[in-house]
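Visitor: This is the structure I want to talk about, given as structure tokens.
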Amino acid sequence: MGFDIIYNHVTLVLEAAVLVLAALFPIVNPIGSAAVFLSMVQNLDMELQHKLVNRITVYSFFLLFVSMLCGGKILSFFGISLYSVQIGGGIIVAANGWQLLTKDAMKENAATPNPEEVLNQAFYPYTLPITVGPGSISVAVALGAHLPTQLHVASFVSPDILAASILGVTVLCITVYVSYRWARAAAVLLGKSGTTVLMRLSSFISFCIGVQILASGIRSYIQTLH
């Protein structure tokens with residue numbers, strides 16, 4: 001009987017972890033984000049790029065986990081609505097996607113990056129909004145509100161929920177690390193033309209995602225007026 005209880009308990013936690021991963025993976029989109037990331041770091045040496053990837057992975061984990069843990073409470077404390085996050089974040093994502101889509105690659109490659117300045121940009125814009133955008137934060141906040149019900153606990157701050165959320169977010173961040181870490185190797189396999197097409201396509205998709213997030217925020221705001 002005790003074994004059955006433990007088994008059911010572990011099963012519920014694993015199911016919740018899978019839910020976290022399944023909900024966040026499509027919106028984070030590590031593979032597509034890796035193409036955008038690569039278009040921004042083409043002129044960095046491998047060592048600097050690896051340091052940047054390490055920071056992005058750590059920042060992504062904490063940003064998603066904190067959003068799940070207390071994102072809703074933070075927004076409420078500052079009087080910020082979720083649709084405001086969507087509208088503001090959508091504008092940033094769309095603007096960044098447009099910049100990447102229209103930038104002159106030759107000019108970007110000619111610039112010599114400052115390593116310290118590059119690493120200082122690990123959180124913004126590489127983590128937020130390139131890797132973890134407002135859409136991901138919105139989903140994380142929603143998961144934080146949903147998990148207590150699924151795991152039949154009163155609070156998000158419980159061992160079951162913490163274990164499920166940490167496990168799900170960790171697996172997601174591992175995929176981010178792998179995608180970013182070996183993005184340049186994948187680009188070599190695709191060739192120059194294939195890489196250019198993938199980068200432009202990913203930039204366009206990033207722009208469209210920003211517009212979609214912006215539209216969702218505006219629609220949510222309009223609904224509050226009624």
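The values are calculated or read from the model by the stated rules, or taken from the named source; none is laboratory data. These figures come from a predicted structure and were not determined experimentally. Positions of Cβ are generated from backbone atoms using ideal geometry, with glycine treated the same way; all protein chains shown enter the neighbour counts.
Visitor: Can you say whether ALA185 is under 23 Å from VAL20 (Cβ atoms) and in a helix (DSSP H, G or I), as far as the supplied structure shows?
Guide: The answer is no for ALA185.
Visitor: Here is a follow-up. Quick one: TYR180 ticks every box in (1) surrounded by 14 or more Cβ atoms within 10 Å (Cβ to Cβ); (2) touching a residue at least 40 places away in the same chain (Cβ under 8 Å); (3) more than 17 Å from VAL132 (Cβ to Cβ) except a single one, so which number is it?
Guide: Condition not satisfied by TYR180: (3).
Visitor: Can you spot a residue in region 156-166 that is farther than 15 Å from ASN29 by Cβ, part of a loop (DSSP other than H, G, I, E, B) and modelled with pLDDT under 80?
Guide: yes
Visitor: While we're here: Return the pairs, sorted by first residue and then second, in which the second residue is of a type in the set (S, T, N, Q), the first residue lies in region 191-219 and is under 20 Å from GLY88 (Cβ atoms), the beta carbons are less than 6 Å apart, and the residues are 6+ apart or on different chains.
Guide: Close Cβ pairs (under 6 Å, with a partner that is of a type in the set (S, T, N, Q)) amount to ILE213/GLN86; SER216/GLN86; GLY217/GLN86.
Visitor: Next up: Any residue at all in region 73-96 that is surrounded by 21 or more Cβ atoms within 10 Å (Cβ to Cβ) and at pLDDT 85 or above?
Guide: no
Visitor: Same structure, new question: List pairs: first residue in region 33-50 and at pLDDT 90 or above, second residue among the β-branched types (Val, Ile, Thr) anywhere in the structure, Cβ distance under 6 angstrom, at least six positions apart or on different chains.
Guide: What qualifies is GLN49/VAL41.
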